[in-house]
Amino acid sequence: MDAIVSLVLDAGSPLTTAAAAPLLDRLFAAIRRAEGLERVLVVGLDRGLLAQAERAGLIPVPLSAPMPLRRSGLLPAGGAEALEHAAGGRRALLVSCANPMLTAAVVEDFLRRAEEADRPCMSVVAPVDHPCQLNQLLRMREAGVVLPLEGLRDGGARVLTEPFRFLWAAREVHGRGPLYIPRCSSGETVFHELPVTAATRAEGPLLLRESPDRARLSLPVDEVLDAGRPFGVRDCSEVLGLGLHLFPGLPCLAFRGGDGGARLGFTARRDERAVCLLFARAADGAERAASGDLEGGALRLDASWDFRSPVSYSLLRSLDRDGEFDLEAPFPEDHGLWRVDSATSCRINCRTGRVIHGRQEFPEVFEPDGSLFALTATEAVRFENLLEEGRVAAFELNRNCSLHVRTDFDLLRCTAKLRAEMP
């Protein structure tokens, strides 16, 4: 089997810096030392990185540029193109260059697993937090933050939130700004720089850079009022806060009702949202919370909720008969992990036959790691479908060998970890 290292990196990736060169050299050497590989190729667009790989003994295969890349939520960037250009129709080992923690022994173990499975294979890791304890997976349909508005100016075309904490570097937002348009790409929010002169003509939400760790959210007044009309909002002076979800559009609006009480209204897919939880911390440090059903898409609150400080919200699908949250929401149908006993309504672990009371009885689950894949170019195109059909084998990777460099902080962590492991 050939090995193909995908060296396709986004502009501004920390792996393109000089500080990352020793980490890439380490990865290249580990793959070269692994037994059972016929050739070790590296596919990419950056001539400097390809030259570095060639010096390490890998065979460089330049991709044509510019070229559109098929984005996948699981395969490394350029992975499908790399297999098309270099695999020759055979199944190959596809390696992400983002994980410098891989070793020759890990690669050899993966190759043995892929050979035994005789089907597409991918590396997985045990979740840091077990899914049966994760609110994000098991309880919440959505979550976000309602941001207080700056004092409204009469006749203004846009409303502006108070500054809030936003780590620009961690979100990998590049450019000098100060204005950015959020857009949805492959299920993720990305930020496109906008010239200041175009701000008056821009539609939808804008993100304004205040400092390296502060931002503001801006929306057209018309959009805010359109979102509030189903709830009887007539004037922008009645609006208390805006939801932080940047795409698509405006998901929620905090406003003052006719009785003086606060309301939190949600503007889309109300039929999927049944329960809302709120949490806030006042200026004096006091914590407060509220919850309730969404009646007509809005949560009614008393007048003490003024939304002068950020308020976090969680939207829950439903409560089951035990008062707990829906356990099955994030899992596909016919997952085979558990069944419901018709007599007791208890969930039963299909493998052990034991009632699931907590983590100890919960089925073993993994999450994709994204470091190693064994597949053909055709399988790469259909990879997500094959995974849903249960036709992809898994190789469990120790989490100590899974550290992906996507931000400058990841680069520091990885460098420090490897230095600590040196004799």
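The values are calculated or read from the model by the stated rules, or taken from the named source; none is laboratory data. Predicted model, so just to flag it, every value in this text is computed and none were measured. As a convention, Cβ positions derive from the backbone with ideal geometry for all residues, glycine included, and neighbour counts pool all protein chains shown. Just the protein is used for accessible areas: all its heavy atoms, side chains included, with ligands, DNA and RNA removed. Shrake-Rupley method; radii C 1.70, N 1.55, O 1.52, S 1.80 Å.
Computed values, structure above
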| quantity | calculated |
| --- | --- |
| Of residues in the range 280-291 being among the hydrophobic types (A, V, I, L, M, F, W, C) and modelled with pLDDT of 70 or more, the one most open to solvent (accessible area, probe 1.4 Å) | Ala289 |
| Subset of the range 18-48 [in a loop (DSSP other than H, G, I, E, B) and either open to solvent by 60 Å² or more (accessible area, probe 1.4 Å) or at positive phi (or both)] | Glu35, Gly36, Glu38, Arg39, Leu45, Asp46 |
| Condition met for Val221 (among the β-branched types (Val, Ile, Thr), within 16 Å of Leu160 (Cα to Cα), open to solvent by 20 Å² or more (accessible area, probe 1.4 Å) and at pLDDT 80 or above) | yes |
| Within the range 55-72, tally of residues that are part of a loop (DSSP other than H, G, I, E, B), more than 17 Å from Asp2 (Cα to Cα) and modelled with pLDDT of 70 or more | 2 |
| Single residue of the range 205-217 satisfying the filter (within 18 Å of Val190 (Cβ to Cβ) and open to solvent by 10 Å² or more (accessible area, probe 1.4 Å)) that is modelled with the lowest pLDDT | Pro205 |
| Extreme residue, nearest to Leu301 (Cα to Cα), among residues of the range 238-249 that are modelled with pLDDT of 80 or more and either more than 26 Å from the chain's Cα centre (by Cα) or part of a loop (DSSP other than H, G, I, E, B) (or both) | Leu240 |
| Search result, residues across the range 6-28 that are of a type in the set (A, V, I, L, M, F, W, C) and touching a Gly at 6+ places or on another chain (Cβ under 8 Å) | Leu7, Val8, Leu9, Phe28 |
| Residue count, the range 257-279 (criterion: surrounded by fewer than 19 Cβ atoms within 10 Å (Cβ to Cβ) and either closer than 12 Å to Leu147 by Cα or at pLDDT 80 or above (or both)) | 3 |
| Positions within the range 197-225 being more than 16 Å from Val159 (Cβ to Cβ) and polar (S, T, N, Q), in sequence order | Thr197, Ser211 |
| Hits in the range 14-28 - residues which are in contact (Cβ under 8 Å) with a residue 60 or more places away in the chain and either under 26 Å from the mean Cα position of the chain (by Cα) or closer than 30 Å to Gly89 by Cβ (or both) | Pro14, Leu15, Thr17, Ala19, Ala20, Leu23, Leu24, Leu27 |
| Residues of the range 154-184 satisfying the condition of being modelled with pLDDT under 85, open to solvent by less than 30 Å² (accessible area, probe 1.4 Å), under 20 Å from the mean Cα position of the chain (by Cα) and not β-branched (Val, Ile, Thr) | Phe166, Trp168, Pro182 |
| When residues of the range 1-17 are limited to those that are assigned to a loop (DSSP other than H, G, I, E, B) and small (Gly, Ala, Ser), the one least open to solvent (accessible area, probe 1.4 Å) | Ser13 |
| Extreme residue, most open to solvent (accessible area, probe 1.4 Å), among residues of the range 185-194 that are at pLDDT below 75 and outside any loop (DSSP other than H, G, I, E, B) | Glu188 |
| Test: residue in the range 400-421 that is surrounded by fewer than 16 Cβ atoms within 10 Å (Cβ to Cβ), without any contact (Cβ under 8 Å) to a residue 12 or more places away in the chain and in a loop (DSSP other than H, G, I, E, B) | no |
| Residue in the range 110-128 that is least open to solvent (accessible area, probe 1.4 Å), counting only those that are touching a helix residue (DSSP H, G or I) at 6+ places or on another chain (Cβ under 8 Å) and part of a loop (DSSP other than H, G, I, E, B) | Pro120 |
| Subset of the range 334-393 that is of a type in the set (D, E, K, R) and closer than 30 Å to Ala82 by Cβ - its residue that is most open to solvent (accessible area, probe 1.4 Å) | Glu388 |
